[in-house]
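Take a look at the structure set out below.
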Amino acid sequence: MTLEILPQASPHIRHGSNIGQPLTRRDGVLKVTGRARYAADNHPPGMLYAVLAVSSIARGRVKSLNVEAAKSHKGVVDVMTSVNRPKLAQDPDEKSNPFMFRLDLLQNDRVRYANQPIAVVIAESLEAATEGAALLAPQYEAEPARVGLDGAESFVPPGVGVGGPAEIRKGDVEAGLDAATKRIDATYETPSQYHNAMEPHAIVAAWDGDRLSIDTPSQGLAMARGRIAGLFGLSPENIHIRSPFLGGGFGSKGLISGPQILGVLAAKLVGRPVKLVLRRDQMYGPVGHRPPTRQRLRIGVDGEGRLTALDHRAKTASSTFDDFFEAAADISHTLYASPAIATSHEAVRIDIGTPLFMRAPGEATGSIALESAIDEAAAACGLDPLAFRVRNYAEVEPISGKPFSSKALRECYAQGAERFGWARRPLAPRQMRDKDGFLVGWGVGTATFPALMFHAEARAIIRRDGTGLVESGAHDMGQGAWTALAQIAADGLALDLDQIEFRAGSSDLPDAGIAGGSAHTATAGMAIHSAGADAIAKLAELATRDERSPLYGAGNAGLVARNGRLRRRDDESRSESYAEILARAGLGEIEGRGASAADPAAQSTYAMHAHGAVFAEVKVDPDLGQIRATRLVGAFAAGRVINPRLVRSQYHGGMIWGVSFALNEQAIIDRRSGRVMNADLAEYHVPVNADIVSIEALLVHEDDPYVNALGVKGVGEIGVTGAAGAVANAVWHATGMRVRRFPIKLEDVLTPAG
Ligand code: MOS
């Protein structure tokens with residue numbers, strides 16, 4: 001009914017003028033001129049301001065709140081606590097799938113982590129609400145906080161990631177290690193990290209009877225709507241969520257969070273629209289984070305420099321009440337050939353907010369450990385780390401033995417190395433100095449991320465005037481979906497971009513799945529493209545069955561669509577415009593529908609991953625230990641590139657996260673209180689512009705006939721993998737010091753000798 005009617009799938013995928021163009025973001029001007037309306041910019045009539053009061057203890061109960069003091073403060077309208085919080089249709093601790101948070105919605109007086117919401121103050125102004133919240137003066141019955149990876153008894157989690165097995169093995173790791181001539185046994189630690197999107201979680205909620213209107217940033221509109229519908233006992237159709245612009249998400253807006261629901265509850269309590277915006281420090285708790293890990297890697301290598309065994313054991317932490325377990329070891333399934341591979345996970349439950357997907361969840365934490373260990377193994381063998389990686393290149397997916405649907409990693413290594421100048425790298429560490437006497441080091445890391453796809457739907461309409469309208473409830477969190485998906489939409493209808501209107505970012509549009517797992521372009525894009533093809537097929541049917549059309553009798557298969565016209569394949573001069581066909585048929589418009597989902601047959605046959613190679617240069621002050629990442633070159637292969645400018649931007653962003661992971665980011669938890677001590681952007685360090693001296697991303701050509709008809713893999717998360725390890729390995733190469741606890745700090749690389 002859709003694509004097969006026009007065979008050769010969709011000729012305009014190959015010949016279309018939109019896919020592949022390096023367009024700037026279509027919303028760029030709106031953003032730089034302040035016209036883009038983010039959730040918190042909304043201000044419906046009669047709106048009140050809600051401010052959260054959050055717990056300053058990590059475990060225990062709230063003994064008392066001075067609600068009277070808050071309520072009698074000028075401007076305060078009401079205070080919502082567990083006593084008067086409106087009823088919910090569902091227990092907020094109920095969870096039917098991994099894509100749900102268990103939520104803290106004032107269901108009782110328990111405190112399960114620091115910064116947990118304990119009350120909401122609603123007032124006529126933000127100032128009054130803030131002052132009211134300060135007057136609550138909570139009294140607690142505190143219990144000792146369980147903190148850190150040794151804070152509680154460990155166990156094997158029931159599943160990791162979105163439910164993958166916690167332990168996987170192939171071959172005999174112990175035998176492989178016994179047979180090895182060189183062995184590495186090293187333990188790496190990664191800290192808690194927080195998403196820290198520029199835009200804090202925010203919501204403006206307005207009730208109209210049993211209808212609910214919401215402005216809030218979301219990476220998963222349909223899931224958010226479903227979650228709210230369940231909690232409030234509403235039909236999903238009665239809930240409208242607008243989410244046209246996000247100031248970043250990185251996973252933290254993938255699941256609707258407790259504070260967002262509290263905004264909806266507050267609006268219900270007072271019977272007026274309510275705005276609730278998290279303060280920066282309040283984002284360190286109830287909206288997810290990347291959990292800490294401790295990873296032990298054992299690697300065996302034979303006399304030829306080939307792996308004989310790879311054992312990757314990860315320990316991670318989750319909250320005491322929910323089940324997110326970071327799949328840190330799973331990256332060892334994908335990258336390096338080894339006759340024996342074992343991965344396993346264990347976890348502790350401590351007094352923290354529930355961790356969550358954070359850009360390359362599992363892959364990022366696992367990658368810095370694996371890439372460090374591989375580097376250590378190369379050094380132990382006296383081999384160049386790039387040559388060592390190539391020697392252990394996986395021709396098939398190591399854990400499954402499946403062929404890759406495509407894998408241009410060799411080309412990534414070669415092109416990246418060439419561009420970086422890797423051939424001039426001395427083998428031994430601490431050999432290079434710049435003119436100012438700084439130690440210089442070069443490191444490499446392999447990047448990888450699975451090519452995923454979820455379910456999505458889309459609608460495409462060809463209007464009477466020959467222009468198009470394409471609708472998809474897709475999410476642009478800053479990555480450029482509104483541009484890249486519109487390019488796909490235009491090609492799907494064989495129109496120019498300025499001939500179509502593309503609507504996204506609203507829950508009343510077709511479900512576009514989630515903007516997560518680096519799968520949004522493939523997922524929403526395939527649905528969008530299929531919808532266009534469906535509309536064109538219906539149009540073709542009208543024309544080829546009508547004796548008055550020059551296309552009569554050609555059959556749909558005998559037509560191609562290009563530039564708003566259908567043409568005969570055998571004679572392109574015989575053609576008709578969309579508008580002409582609709583006019584003759586007396587139709588105002590014609591509508592096509594599209595859907596997408598992963599193809600189970602292709603998935604069971606092929607391993608699908610994007611790949612890349614990241615090369616990093618660091619300079620280290622030999623006296624002060626200060627580390628600077630001075631040059632980054634990444635070469636990535638991720639199938640078809642829809643928009644090279646936006647794809648490069650994703651790679652740059654990911655690689656900067658890599659620098660951040662290796663050198664900057666860390667939430668520091670007070671062991672006595674369980675509180676994050678650096679819950680702000682002054683003390684929680686991320687690189688700024690001045691920290692990123694030179695960065696370059698090469699787009700390596702890769703055709704993938706199996707991932708989806710567009711040939712698109714994801715680009716959003718792969719950049720952080722590989723990059724973090726490359727920077728860490730460069731620090732070793734500069735200093736000769738192998739630091740295994742991240743981020744690497746200046747005191748870690750100071751030597752008395754200088
Ligand atoms: Mo991503 S962590 O799948 O938004």
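Counting only DSSP beta bridges whose two residues both lie in the chain, roughly 75 percent are antiparallel. Packing around the peptides 288-298, 89-99, 117-127, taken as the average count of other Cβ atoms within 10 Å per residue, puts them in this order, highest first: 288-298, 117-127, 89-99.
Between the amide H of residue 630 and those of 617, 618, 619, distances stay under 5 Å, these residues lying 5 or more places away or on another chain, with hydrogens modeled in the peptide plane. Here the Karplus relation 6.51 cos²θ - 1.76 cosθ + 1.60, evaluated at θ = phi - 60°, turns the backbone of the stretch 54-65 into coupling constants of 10, 6, 9, 10, 9, 7, x, 9, 7, 7, 7, 9 Hz, with x for every Gly and Pro.
Packing order of peptides 204-210, 448-454, 672-678, highest average first: 448-454, 672-678, 204-210 (average count of other Cβ atoms within 10 Å over each peptide's residues). Taking amide H as placed 1.01 Å from N in the peptide plane, the amide H of residue 308 sits under 5 Å from that of 300, 301, 302, each at least 5 places away or on another chain.
At the listed q of 0.11, 0.12 Å⁻¹, the Debye profile of the chain, built from one uniform point per Cα, gives log10 I(q)/I(0) equal to -1.19, -1.33.
Annotation: peptides 552-561, 329-338, ranked by per-residue average of other Cβ atoms within 10 Å with the highest first, follow the order 329-338, 552-561. Cβ crowding within 10 Å, taken as a proxy for footprinting-reagent exposure, orders 587, 276 from fewest neighbours to most as 587, 276. In sequence order, the stretch 325-331 has phi-based couplings of 10, 4, 8, 5, 7, 5, 4 Hz under the Karplus curve 6.51 cos²θ - 1.76 cosθ + 1.60, θ = phi - 60°, and Gly or Pro positions carry x. Applying the Karplus relation 6.51 cos²θ - 1.76 cosθ + 1.60 with θ = phi - 60° to the stretch 700-708 yields 3J(HN,Hα) values of 8, 4, 8, 9, 10, x, 10, 4, 5 Hz, where x marks Gly and Pro. Per the Debye calculation on the stretch 457-595 with a single equal scatterer at every Cα and no solvent contribution, log₁₀ I(q)/I(0) for q = 0.09, 0.10, 0.13 Å⁻¹ amounts to -0.26, -0.32, -0.52.
Could you work out [θ]222 nm for the chain from helices alone, using -39500 (n - 2.57) per DSSP H run of at least four and dividing by all its residues? Round to the nearest 500 deg cm²/dmol. If you can, show how the numbers build up before the last one.
Working: 16 runs with 181 residues, N = 754.
Counting only the DSSP helices, I get -7500 deg cm²/dmol.
The ranking of 17, 252, 367 by Cβ neighbour count inside 10 Å, starting from the fewest, reads 17, 252, 367.
Size of the stretch 622-743: Rg and Dmax of its alpha carbons, in Å, are 17.3, 55.
Since every read-out is calculated from the coordinates, none of them should be taken as a lab result. None of the values given here were measured: they were computed from a predicted structure. FYI the Cβ positions are ideal-geometry reconstructions off the backbone, even for glycines, and counts take in every protein chain you see.
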